[in-house]
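Shown next, in structure tokens, is the structure this report addresses.
The values are calculated or read from the model by the stated rules, or taken from the named source; none is laboratory data. For clarity, every value in this text was computed on a predicted model and none was experimentally measured. We place every Cβ from the backbone using ideal geometry, glycine too, and count neighbours over all the protein chains shown. Note: accessible area is taken over every heavy atom of the protein model, side chains too, but ligands, DNA and RNA are not part of it. Shrake-Rupley method; radii C 1.70, N 1.55, O 1.52, S 1.80 Å.
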There are 4 protein chains.
Amino acid sequence: MPTTFLSNALRGTFFCIFGLWWSVRYPLKYLRRKANAESQPSNGVQRAEVFEGAVKAFFALAGILVEQFVPAGPHLQLYSPKTHSWTDLTPWRYTTMYLFFLLSGIVDVVSHSQLKLPLGLDRLSLAVALFIEGLLFCFHDYNDAALDHHVHSLLAVAVFAGALCALLEVFLRDHIILETLRTSSFLLQGSWLWQIGFVLSPPWGGPGWDQSDRSNLAFLTMCFCWHYAGALAVLAANSAASRCCNESCQLKLGDIDVELDCGMCIRKGKSGSGGALLPENGSDDK
Amino acid sequence: MPTTFLSNALRGTFFCIFGLWWSVRYPLKYLRRKANAESQPSNGVQRAEVFEGAVKAFFALAGILVEQFVPAGPHLQLYSPKTHSWTDLTPWRYTTMYLFFLLSGIVDVVSHSQLKLPLGLDRLSLAVALFIEGLLFCFHDYNDAALDHHVHSLLAVAVFAGALCALLEVFLRDHIILETLRTSSFLLQGSWLWQIGFVLSPPWGGPGWDQSDRSNLAFLTMCFCWHYAGALAVLAANSAASRCCNESCQLKLGDIDVELDCGMCIRKGKSGSGGALLPENGSDDK
Amino acid sequence: MPTTFLSNALRGTFFCIFGLWWSVRYPLKYLRRKANAESQPSNGVQRAEVFEGAVKAFFALAGILVEQFVPAGPHLQLYSPKTHSWTDLTPWRYTTMYLFFLLSGIVDVVSHSQLKLPLGLDRLSLAVALFIEGLLFCFHDYNDAALDHHVHSLLAVAVFAGALCALLEVFLRDHIILETLRTSSFLLQGSWLWQIGFVLSPPWGGPGWDQSDRSNLAFLTMCFCWHYAGALAVLAANSAASRCCNESCQLKLGDIDVELDCGMCIRKGKSGSGGALLPENGSDDK
Amino acid sequence: MPTTFLSNALRGTFFCIFGLWWSVRYPLKYLRRKANAESQPSNGVQRAEVFEGAVKAFFALAGILVEQFVPAGPHLQLYSPKTHSWTDLTPWRYTTMYLFFLLSGIVDVVSHSQLKLPLGLDRLSLAVALFIEGLLFCFHDYNDAALDHHVHSLLAVAVFAGALCALLEVFLRDHIILETLRTSSFLLQGSWLWQIGFVLSPPWGGPGWDQSDRSNLAFLTMCFCWHYAGALAVLAANSAASRCCNESCQLKLGDIDVELDCGMCIRKGKSGSGGALLPENGSDDK
């Protein structure tokens, strides 16, 4: 199996996992917010954001290390003194991308920790990471490989859509429509990266698709749309499932908090409402 | 009559019908909102949205079936094993477009039904359908047919304008200016699709216009503007007519609700104001 | 003097007049709004808008008639049966542009008349007129005349900036910064149209500038920036002058209303505040 | 050392200085605003803005004079009658750029002085200066020098990002995220100008990098991203440092005002709150 397919598939899996996780988390958050009508972010949400950031940073760091230190990698070497030219810059390009996702992960963790950074910095850092990714795909020189260029142009559409959503979320935080759109763009990006892998370097070996065949371009444009339709279907199914799950849980348990541990429902002894009552009773100095 | 003309005309008719329907509905909704100064969406509006969604989904589904199962269609076959190449992808392209309008119709119906989906999802799904349509027209390979490319570029302007409006409406719902702009973009798109039919495959047979004549391009650019002027004129006429109709109805009947059944005025026994009075009288606990 | 220069100069004068008028009107409106802190639009503002619309519509109509009925014009003829081809489409292009400014003028007049159209429709119609203008310049085929293309690309920058401002004003009405920006874009467009006239068809006859000389392009790009600097300077001078005038008037006269008649100060016998008191006293049914 | 390197380095230093200054000032302003929860701009902020404007105007004026009056400069001469052609237009291009920064500086000074100009004019003038800069880089003719074009395209990305931020700040003033983004875009622009100097005209003499080598383009795209990562790191370090400094100062001194003199802490005897009390007590005519 060629490494190019593998790396595209791993990247795609990363985006898919995030998309799937968000397709469960955001609907639940939305339902809870509507039920409670409290605008204050709960502890569960905070912890989820920190967890997400840590996972993102870990994946990004792992990606950087793999890109650099696989046997064929550049081992942090940028300029080859032997050939008096740059080494193969592809791993460096991905290293650069991952670096910004690593940054985004770190900002996520830090901004939801004790030191209160300005709200929206986490979304901004995600938007920056996606814009840099899109920039690197756009300014890449595809060497007249029309198909290669085409599939990456379509990828850039998905990337910039996600970046724009994240940027808007800086100003319109916790807007369920924007979160849905961002989730769908991540699912699309993830599944499209798999598709790119299959198109440019099939896992069963052999050359990729014919670069010069124009009907391949036409097919892939449509295929991109079908991927998006699929992403929306997965999103809808997950939202419906999390809604059903949420309702059945609430019937049984009363007051529930969505915790980090993958949707398991844990009774919290009405600590939320108790915590909300305490300050009002205890603070008579106002 | 060539099928290309017919399919363009049918598509155009679909968009024109929606544009015309909205050019009556939105002014009436605006006038009623101003008169009542109640921000709550009435049942009539809800039902109209569900009806629209159902019609949209029906048309889209019909379009998909026609594209696939006309005698010359691909019959759901994508790859021809005989020629070892893709089948003719044009019907598939339109199938993909219709698929997203089908999705938009379904979201319309579902989001205004009993299960309360987040507000704005219907507009988002319309925006997505239009963006996908524009994307498919933009990334299409026109094979150096300059005229073909030109008329579809102009179409894409109309499509993206509509998509942008629908996207803004996610955040600024029930904004009469945005609704007017969206209506005009639909009318423009509809009449321009008719024009494309006449230009590329005239209904009286024979070849389309000369692809290499530059003055054709110049004429069609202007023609596009005239179509928009026409769309605005139709919009203005319909708005004025619905305003007159609304005022004469109100003079006769008092309290009226715009119902689904195509503008027929039904007296509702002042249920609106009665319903508004009841809570104020009945709720003395405030 | 070639007609091309004359027509460019006339167009430029139209935009300059509007820019100059606004550079006096908007600062005065802003100062009065700040002084009164009343958000209701006064009668003076209404009348100014109606007057502007009428002037705009009159100029546009005159432009259409001139373009069509000058001796060399097409006299409403679009297709020449003699040569079996389109007539010269340039006058038609300008006719199309003026048509939308005519529309914008009519909407201005109607929307500030007795029948209350939705607020923002006047700005929308202006934005549409400018977008159509920009579209016609962008999609125009410049026939490999690099200089021609370049100066019209720069013009399109000014046009689209104005269109964007007008579109934003639909949502952010009476925002002094947007009004300033729109005014400056009109001044720029006007003076740049004069420049285009001098570059492409000098009034003293002879051919225009060398189309193939690259340093001409470089110079004109800079020149465009200087025009903008000049527009800003004129805007600043007019704002300062109207401010001084406003302050000296207020010292002498007390309560003043900016009237249509070109900045002349007319004492209105405190009708504004009197009119504001009356409803409060007279309407005891609230 | 070639003058091209020097001029790029000087320009870069200008932007870096502003970026560094803002990376200290904005976090401090944000912290003080959060601590005081008073929305009124303090005198310190006003004075800082005036100072910034004066420095900007001074640098811009110096830049104009240097560009024009160095021995090889055009000495305000635009057209060479000897060769019947334009003189070298490069110094004029930079003169034009600096002119708008000069304007922006003057607007800064004037708008925060006694005569109260509309709020947001300072941000608008900065946005205009950056847009003009980007326009001049975009419309410049790079004469098929691919590398030259590439590095300036990347520069334009940074410039337009900054312009967009400044434009948004017209409407969303004192938004810490926008200020952070603008600061980072200035740091990026500054350091990238240094990089351009090294690439196109190395300070140790000799020709610049190979214009035709495609791997140079690929490397520089990545390098641009690393510069941004560096800019973000500097920004984060400065923010953290100013936060620590702010906290330790507050512990010692109580009520502190950030003054112009480079972060020195001066006790102001609670003049702020005293000043806020006086008008309320003294003005009984309300």
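Which whole-Hz ³J(HN,Hα) couplings does segment D:178-194 yield from phi under the Karplus relation 6.51 cos²θ - 1.76 cosθ + 1.60, θ = phi - 60°, glycine and proline marked x?
Values, residue by residue: 5, 5, 4, 4, 5, 4, 5, 5, 5, 4, 4, 4, x, 6, 5, 5, 4 Hz.
Give me the net charge for the shell around B:L115: Cβ to Cβ below 11 angstrom, other residues only, Lys and Arg +1, Asp and Glu -1.
On the way: positive: A:R243, B:K116; negative: A:E247.
Computed value for this residue: +1.
Let me know the mean shielding of B:58-70 by other chains, meaning the per-residue number of their Cβ atoms within 10 Å of its Cβ. Write down the numbers at each step before the final one.
Numbers: counts 0, 0, 0, 0, 0, 0, 0, 0, 0, 0, 0, 0, 0.
Across B:58-70, the average partner-chain Cβ count within 10 Å equals 0.
Where does the charge balance sit around D:V128 when Lys and Arg score +1, Asp and Glu -1, over other residues with C-beta under 14 Å from its C-beta? All intermediate terms of the calculation are to be shown ahead of the outcome.
On the way: positive: C:R182, D:K56, D:R123; negative: D:D108, D:D122, D:E133, D:E169.
Overall, the nearby charge balance is -1.
Segment B:5-277: percent of C-alpha pairs farther apart than 30 Å?
Working: 13469 of 37128 pairs.
Roughly 36 percent, rounded to a whole number.
So which GluC sites (Glu not before Pro) in segment C:16-110 pass both tests, a DSSP loop state and at most 12 other Cβ atoms within 10 Å of the Cβ?
Of the GluC sites (Glu not before Pro), the ones in loops of segment C:16-110 whose Cβ has at most 12 other Cβ atoms within 10 Å are C:E38.
Enter the per residue convex hull volume of segment D:99-222, computed from alpha-carbon coordinates, in Å³ rounded to the nearest integer. Walk me through the intermediate numbers first.
On the way: hull volume 14.7 nm³, N = 124.
Convex hull of Cα atoms, per residue: 119 Å³.
Could you pull the copy-to-copy label distances for A:F198, with points set 7 Å along Cα to Cβ, in nm to one decimal and sorted shortest first?
Values, ascending and in nm: 4.4, 4.4, 6.3.
To the nearest whole number, what is the average tally of beta carbon atoms from other chains within 10 Å of the beta carbons of peptide B:222-230?
Working: counts 11, 3, 5, 11, 4, 0, 7, 7, 0.
If you average over the peptide's residues, the count of other-chain Cβ atoms is 5.
Once the other residues with Cβ under 12 Å from the Cβ of A:H140 are scored (Lys, Arg +1; Asp, Glu -1), what is the net sum? Please list the in-between numbers first.
On the way: positive: A:R93, D:R214; negative: A:E133, A:D141, A:D148.
With Lys, Arg at +1 and Asp, Glu at -1, the net is -1.
Protein chains only, probe 1.4 Å: how do D:H84, A:H175 rank by accessible area, largest first?
Ranked list, largest accessible area first: D:H84, A:H175.
Give me a comma-separated list of calculated 3J(HN,Hα) values for segment B:211-217, in order, Karplus coefficients 6.51, -1.76, 1.60 applied at θ = phi - 60°, integers in Hz, x for any Gly or Pro.
Result, ordered by residue: 5, 9, 7, 5, 6, 4, 4 Hz.
Find every distance from the label point of C:A241 to the corresponding label point in the other copies (7 Å from Cα along Cα→Cβ) and write them in nm, one decimal, shortest first.
5.1, 5.1, 7.1
If you take the Cα atoms of segment C:156-229, find Rg, then find the Kirkwood Rh from the mean of 1/r over all pairs, what is Rg/Rh?
On the way: Rg = 15.4 Å, Rh = 13.8 Å.
For segment C:156-229, the value is 1.11.
Please report, for C:P81, the nm distances (one decimal) from its label point, 7 Å out from Cα along the beta-carbon direction, to the equivalent points in the remaining copies, shortest first.
For C:P81, the inter-copy label distances come out at 6.1, 6.1, 8.6 nm.
If I ignore ligands, DNA and RNA and count only protein heavy atoms, how much of C:I106 is accessible to a 1.4 Å probe, in Å² to the nearest 10?
Around 80 Å² of this residue is reachable by solvent.
Would you calculate the convex hull of the Cα atoms in segment A:129-192 and tell me its volume per residue in Å³? Please list the in-between numbers first.
On the way: hull volume 4.1 nm³, N = 64.
Dividing the Cα hull volume of segment A:129-192 by its residues yields 64 Å³.
With respect to the axis carrying C onto B, what is the closest chain C residue by Cβ position, and how many angstrom separate it from the axis?
C:F171, 7
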